[in-house]
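As structure tokens, the structure follows; a few thoughts come after it.
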Amino acid sequence: MAIDERAIIEQINRKNKQAFHDLFNDFFNSLVYFSTRYVGRKEVAEDIVQELFAGLWESNREYLSYNGFKTFLYTSVKHMSLDWLKHKKVEERYLSAKGTETDDEMDWKIMEEEIYRALLQAVGELPRRCREIFHLHLQGKKNEEIAASLGLSILTVKTQKKKASRYIRERMGKLYLLLLLLHVIEAA
């Protein structure tokens, strides 16, 4: 289902509560994961993202495009995370490594996070049992382990994994190929 990006931006600019609620739900986990890569602590990352959304709500800033808005979210989280590191006087070596990131590295990280967000969204749309099996699969569990832990046959586990993979591949479209590419790159 395609989203109407222009309508979303108009609603955000008009301070529509439901649009902000939907936006928060869509981006919260991805932004927390993104921030955690900098600050190293999920609780701190969650605070940073919540602070960002509170600031967005209070701000009078208007956004021109959905893609520009997404870039703004990730860039803001990056800067807020780096500010937190500076404030806490984390080791200078760690701070400098995160602070000298090139634009290409930042673009790559944003792309990774968007693909991850699309994967999470597709997995979240799976039927309950199929989703449970696929989550266990993503955690590295073998078919036998999944079957034993859920009280299912191995054939059922294999069938549900195939259904999940097919749905995710169809739902993500070209992003699925990028997800596979990222997996190969990270494994190398």
Some residue of the range 17-36 being modelled with pLDDT under 85, polar (S, T, N, Q), outside the structural domain of Gly124 (by TED's automatic domain parsing) and out of contact with any helix residue (DSSP H, G or I) (no Cβ under 6 Å at 6 or more places or on another chain): no
Condition met for Val44 (buried (at least 17 other Cβ atoms within 10 Å of the Cβ), more than 21 Å from Met111 (Cβ to Cβ) and modelled with pLDDT of 85 or more): yes
Residue, modelled with the lowest pLDDT, within the range 132-156, restricted to residues that are out of contact with any helix residue (DSSP H, G or I) (no Cβ under 8 Å at 6 or more places or on another chain) and part of a loop (DSSP other than H, G, I, E, B): Gln139
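What about Asn29, is it surrounded by 13 or more Cβ atoms within 10 Å (Cβ to Cβ), touching a residue at least 24 places away in the same chain (Cβ under 8 Å) and more than 19 Å from the chain's Cα centre (by Cα)? Don't jump to the end; show me each part of the working.
Details: surrounded by 13 or more Cβ atoms within 10 Å (Cβ to Cβ): yes; touching a residue at least 24 places away in the same chain (Cβ under 8 Å): yes; more than 19 Å from the chain's Cα centre (by Cα): no.
So Asn29 fails the test.
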Residues that are surrounded by fewer than 17 Cβ atoms within 10 Å (Cβ to Cβ), hydrophobic (A, V, I, L, M, F, W, C) and at pLDDT below 85, drawn from the range 66-112: Val90, Leu95, Ala97, Met106, Trp108, Met111
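The values are calculated or read from the model by the stated rules, or taken from the named source; none is laboratory data. All of these numbers come straight from a predicted model, not from anything done at the bench. Counting neighbours? That spans all protein chains shown, and the Cβs are built from the backbone with ideal geometry, glycine included.
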